[in-house]
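The values are calculated or read from the model by the stated rules, or taken from the named source; none is laboratory data. On a predicted model such as this, the values are computed, not experimentally measured, just so you know. Quick reminder, even Gly has a Cβ in these numbers, built from the backbone with ideal geometry, and neighbours come from all protein chains shown. Only protein heavy atoms, including side chains, enter the accessible area calculation; ligands, DNA and RNA are left aside. Shrake-Rupley method; radii C 1.70, N 1.55, O 1.52, S 1.80 Å.
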Amino acid sequence: MTRILAIETSTELATAAILTDGGIFVRELSGVQTHSQGILPAIQELLTEAGLRLQDCDAIAFGCGPGAFTGIRTACGIVQGLAYGADLPVMPVVSLLAMAEAAREQVAATEFVCILDARMNEVYWAQYRFDDAAGWTEISAPALSALDVALAGITLGSPQLALGNGLVLPESALAQYASLPCMPHARQVGILGQLDFVAGRSLPADQAQPLYLRNKIALTTAEREQVKLQAAKVPV
């Protein structure tokens, strides 16, 4: 089994995980303010628990968004710093797809609509279908819209809705669709990243880029270099 380090910081729940042949090791941090300060110590704890050095990992998977701007840019900066330092490839994983994978582990369904609160009365959403032979298929790409527009845009026949924290569906949608609470998590980011790695879909470190659906300025050069410097302190 390949060894994958995974991080997911696109929401208020920051998570890190390591997938090895000995199991999955996980750390969770609540509160978006703790992401930049807490995720690197969490990674160091995971490596110690798994008995690994960073360079013992085969690749780094990360939730690339969509999601909170600060969280996504933190993930990209940290992943680039770690990957450069240990000469590892990276696998960006769409956070909404990680939600679909988490939902599939909980319910017997093959079609999913994943919806995350994007603030400002909008949501991030996407549609996915799973097949045992083909794996995941993206039915509609991640989009940003009002919740009612997202619900009206569902084209799958009888999907399971995976809902991020704080989302409340209108009565009409509750009557029409089954739903469950679900958040992007490093565990599923790692699982999906591992599939990409085995399939030869890893990327060089400089391609650890975010998926933004809302216009906002990216990290300044100084901010980006500071995050990379912090990541470079993780022992390789």
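Taking the range 82-94 as the search range and keeping residues that are open to solvent by 10 Å² or more (accessible area, probe 1.4 Å) and of a type outside the set (D, E, K, R), which one is nearest to residue 203 (Cα to Cα)? Give the derivation first.
Residues of the range 82-94 open to solvent by 10 Å² or more (accessible area, probe 1.4 Å): 84-89, 92, 94.
Next cut, of a type outside the set (D, E, K, R) only: 84-86, 88-89, 92, 94.
Details: 84: 12, 85: 15, 86: 14, 88: 9, 89: 5, 92: 8, 94: 15 Å.
Taking the candidates together, the pick is 89.
Residue-by-condition table, conditions (1) part of a loop (DSSP other than H, G, I, E, B); (2) of a type in the set (Val, Ile, Thr); (3) surrounded by 19 or more Cβ atoms within 10 Å (Cβ to Cβ); (4) modelled with pLDDT under 95:
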| site | (1), (2), (3), (4) |
| --- | --- |
| 188 | no, no, yes, no |
| 197 | no, no, yes, no |
| 216 | yes, no, no, yes |
| 225 | no, no, no, yes |
| 229 | no, no, no, yes |
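Give me a count of the residues in the range 11-27 that are modelled with pLDDT of 90 or more and over 19 Å from residue 65 (Cβ atoms). Here the count works out to 8.
Taking the range 76-117 on its own, how many of its residues are among the hydrophobic types (A, V, I, L, M, F, W, C) and part of a helix (DSSP H, G or I)?
To start, the set of residues in the range 76-117 that are among the hydrophobic types (A, V, I, L, M, F, W, C) comprises 76, 78-79, 82-83, 86, 88, 90-91, 93-94, 96-100, 102-103, 107-109, 112-116.
When the remaining residues are screened for being part of a helix (DSSP H, G or I), the result is 76, 78-79, 82-83, 86, 96-100, 102-103.
Qualifying residue count, the range 76-117: 13.
Scanning the range 132-143 for residues that are assigned to a strand (DSSP E or B) and either of a type in the set (A, V, I, L, M, F, W, C) or under 15 Å from residue 93 (Cα atoms) (or both) yields 135, 136, 137, 138, 139, 141, 142, 143. If you filter the range 116-172 down to residues that are of a type in the set (D, E, K, R) and within 24 Å of residue 196 (Cβ to Cβ), you find that the one that is least open to solvent (accessible area, probe 1.4 Å) is 131. Screening residue 131 against (1) within 20 Å of the chain's Cα centre (by Cα); (2) modelled with pLDDT of 95 or more leaves a single unmet condition, (1). Here the range 28-75 is the region considered, the condition is being closer than 12 Å to residue 190 by Cβ and not in a helix (DSSP H, G or I), and the residue that is most open to solvent (accessible area, probe 1.4 Å) is 58.
Here residue 19 does not fit the description of being touching a helix residue (DSSP H, G or I) at 6+ places or on another chain (Cβ under 7 Å) and assigned to a helix (DSSP H, G or I). Considering only residues that are at pLDDT 95 or above and polar (S, T, N, Q), look in the range 147-171 and name the one that is farthest from the chain's Cα centre (by Cα). This residue is 155. Within the range 105-114, if we keep just the residues that are closer than 22 Å to residue 67 by Cβ and surrounded by fewer than 24 Cβ atoms within 10 Å (Cβ to Cβ), the residue that is farthest from the chain's Cα centre (by Cα) turns out to be 106.
Close Cβ contacts (under 8 Å, 6 or more residues apart or on different chains) running from residues in the range 144-167 that are in a strand (DSSP E or B) to residues that are among the aromatic types (Phe, Trp, Tyr) comprise 144/124; 145/125; 160/112; 160/177; 161/112; 161/177; 162/112.
Any idea which of (1) buried (at least 19 other Cβ atoms within 10 Å of the Cβ); (2) assigned to a helix (DSSP H, G or I) is the one residue 175 doesn't satisfy? For residue 175, the failing item is (1).
Report every pair of residues separated by at least 6 positions or lying on different chains whose Cβ atoms are under 7 Å apart, first residue within the range 104-119 and closer than 12 Å to residue 183 by Cβ and free of Cβ contacts under 8 Å to residues at least 60 places away in the same chain, second in a loop (DSSP other than H, G, I, E, B) and among the polar types (S, T, N, Q). Close Cβ pairs (under 7 Å, with a partner that is in a loop (DSSP other than H, G, I, E, B) and among the polar types (S, T, N, Q)) amount to 117/165.
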